[in-house]
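Everything on this sheet refers to the single structure shown next.
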Amino acid sequence: MNATLLSPANETAAWSSQEGLFEQMASMRQAVEALQREVAELRCEAGYWKSRHADAVRRIEHLKDELEETRAENRKLQDRLFGRKSEKKSKDRSNDLEDSTEKGKRKRGGQKGGSGHGRRDYSHLPEEEEFVEIAPDERICSRCGKPFVEMSDTEDSEQLEIEIRVYRQKTRRKRYRSTCQCCGCTQTVTAPCPAKLIRKSRLGTSLWAHILLDKFASHRPTARLLEELKQHGLNLAPGTVTDGLRRLEPMFTPVYEALLTRNQASSLCQADETRWLVFVDREGKTGHRWWLWAFLGEDTVVYRLDPTRSHDVPEQHFAADAQCVLMVDRYSAYKAMPQVKAGTIKLAFCWAHVRRDFIEVGKGWPNLKDWAIEWIHRIRQLYRLNRRRLKHPVDSADFRRDNDALREAVQSMQSQAAEELADETLRAPCRKVLESLQVHWIGLTLFVNDPRIPMDNNASERKVRGPALGRKNYYGSGALWSGRLSAKMFSIFATLSHWRINPRRWLLWYLKTCAASGGKAPSDISPFLPWNLPPDQLASLQAPDPRIDLPAA
């Protein structure tokens, strides 16, 4: 093909046209590249804002969860502060956590058809008779005027009265003059001085017993007792009472140490602690909060006062090689004991505390209430089955039958917990409670193999209730000796209560013996320990009748 020859002018125009096209193409490429960069930037920005939106959505969901958690915690705290404190006699025994499956609310008081407890017997109280006569002008017939004749029988009724009498017991020591003329003989002999609990004190044994009982058994402030005594004509100085209590404190040390030794040897114990204020400055300690630890043995109760709440207190209470079962709540100090880590002390955990976890979930998260009530029913069934088996002797067929039913319920509960924890959709509050249940499962089920072990530590919680009441009434102790006296008296009265001994009778007996010993503890305190008392002497100390004589001092 022959190429067409272009003239110089046409050739120049053609090159100009091509250069324009090239420039347009280059310009278009630049525009496309700019658009591509802009698209890339917009895509990056879009991805960024999408990620920010996703973060915001996640944060909103997290804040919703936090808000729900805060509201639930607020509901729980409101219930703790203003709700029902006792777990007794509520509609479903769940601290007013309503259950639609429960029957109507039980009315208070005796129920129709119930057997009741009958009238109480007060025949042991001393009796004072009072004869009521008809006026003489009314003992005649209103028509004929003939007199009435007195009958041999009477129509009797009785009512209970009380009289508190403060009196001065004046002791007159008789003196005797010698009638002989023997050389060196005493010319005058005087009867011995009466025994005094505190030398030169005018307060007698019965009054000190009354003061100790009022403060450490009734948990009333001493100032309130002194105001009451004023109404009976006795005006005591607070300093006199305080100094007397300080002098009495060493007299109870041997008894307290004996209780401590006996308690430490128990094979089954319970423990709990409550705060106690001691208003003394101690080096290395900030504030005045101390802790009153309660240890329940098989037949003794001991309180220990310590400035800390660490594991050192229960660790030092038990011997290094102690072997026992210790029923406690889930406080970490007990788990940190060396004896527990070594396996010589086994921790039995409290089902009542586990139950409270489910109650808090039901109250804190209303939409989880049905789930919580189902678990509360399972725990209730364990209590029922355990009570049922304990009604029979351990070697009986009835016990074995109920024991098998209990084991089946325990296994079913464990399987249910594992199944729910395997569900990824399980709510966080539910998961937290069930994980705690699994962690403490071995300690929670020790009672299955050993019927002696209780299912909860309610007994130890009841033992700290009295001291907690005293702490609220008189704020604790103002000195170390006062704190020691509180721990000793709480221990003695709680142990006497366990043995059903009348604390007033025992205290009068012991203080009279201390007075006879010159105002100090007797050299041998074994006769005063409840487990050493002969049956007849124990029965006399358990009797409420004030006319029964006390044991000899």
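What do you reckon, is Val394 surrounded by fewer than 19 Cβ atoms within 10 Å (Cβ to Cβ) and free of Cβ contacts under 8 Å to residues at least 24 places away in the same chain? For Val394, the condition - surrounded by fewer than 19 Cβ atoms within 10 Å (Cβ to Cβ) and free of Cβ contacts under 8 Å to residues at least 24 places away in the same chain - is not met.
Given the conditions (1) open to solvent by 10 Å² or more (accessible area, probe 1.4 Å); (2) under 13 Å from the mean Cα position of the chain (by Cα); (3) within 30 Å of Ala223 (Cα to Cα), and given that Pro467 satisfies all but one, which numbered condition is not satisfied? All conditions are met except number (1).
Residue-wise test of (1) over 20 Å from Arg262 (Cβ atoms); (2) more than 17 Å from the chain's Cα centre (by Cα).
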position: Val278; (1), (2): yes, yes
position: Trp291; (1), (2): yes, no
position: Glu298; (1), (2): no, yes
position: Asp312; (1), (2): yes, yes
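In this structure, Ile379 qualifies as open to solvent by less than 30 Å² (accessible area, probe 1.4 Å), at pLDDT 95 or above and part of a helix (DSSP H, G or I). You will find that of Leu234, Leu260, Leu212, Leu248, the residue that is modelled with pLDDT of 95 or more and open to solvent by 20 Å² or more (accessible area, probe 1.4 Å) is Leu260 and no other. Asp450: acidic (Asp, Glu) and either touching a Pro at 6+ places or on another chain (Cβ under 9 Å) or surrounded by 13 or more Cβ atoms within 10 Å (Cβ to Cβ) (or both), yes or no? No. Find the residue count for segment 154-179, including only residues that are open to solvent by 70 Å² or more (accessible area, probe 1.4 Å), among the β-branched types (Val, Ile, Thr) and under 40 Å from the mean Cα position of the chain (by Cα). Of the residues in segment 154-179, 2 are open to solvent by 70 Å² or more (accessible area, probe 1.4 Å), among the β-branched types (Val, Ile, Thr) and under 40 Å from the mean Cα position of the chain (by Cα).
Let's see how each residue does on (1) open to solvent by 70 Å² or more (accessible area, probe 1.4 Å); (2) modelled with pLDDT under 90; (3) over 30 Å from Pro467 (Cβ atoms); (4) more than 33 Å from the chain's Cα centre (by Cα):
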residue: Gln181; (1), (2), (3), (4): yes, yes, yes, yes
residue: Cys185; (1), (2), (3), (4): no, yes, yes, yes
residue: Val189; (1), (2), (3), (4): yes, yes, yes, yes
residue: Leu197; (1), (2), (3), (4): no, no, no, yes
residue: Phe216; (1), (2), (3), (4): no, no, no, no
residue: His219; (1), (2), (3), (4): no, no, no, no
residue: Leu226; (1), (2), (3), (4): no, no, no, no
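Examine segment 406-415 for a residue that is open to solvent by less than 10 Å² (accessible area, probe 1.4 Å), assigned to a helix (DSSP H, G or I) and under 24 Å from Glu298 (Cα atoms), and state whether such a residue exists. Within segment 406-415, not a single residue is open to solvent by less than 10 Å² (accessible area, probe 1.4 Å), assigned to a helix (DSSP H, G or I) and under 24 Å from Glu298 (Cα atoms). Taken together, Ala515, Ala539 contain a single residue that is crowded, with 19+ Cβ neighbours inside 10 Å, among the small types (Gly, Ala, Ser) and in a helix (DSSP H, G or I), which is Ala515.
The values are calculated or read from the model by the stated rules, or taken from the named source; none is laboratory data. Predicted, not measured: the structure shown is a model, and the values here were computed from it. When we count neighbours, we look across all protein chains shown, and the Cβ atoms used for this are built from the backbone with ideal geometry, even at glycine. In case anyone asks, the SASA skips ligands and DNA or RNA and just uses the protein heavy atoms, side chains included. Shrake-Rupley method; radii C 1.70, N 1.55, O 1.52, S 1.80 Å.
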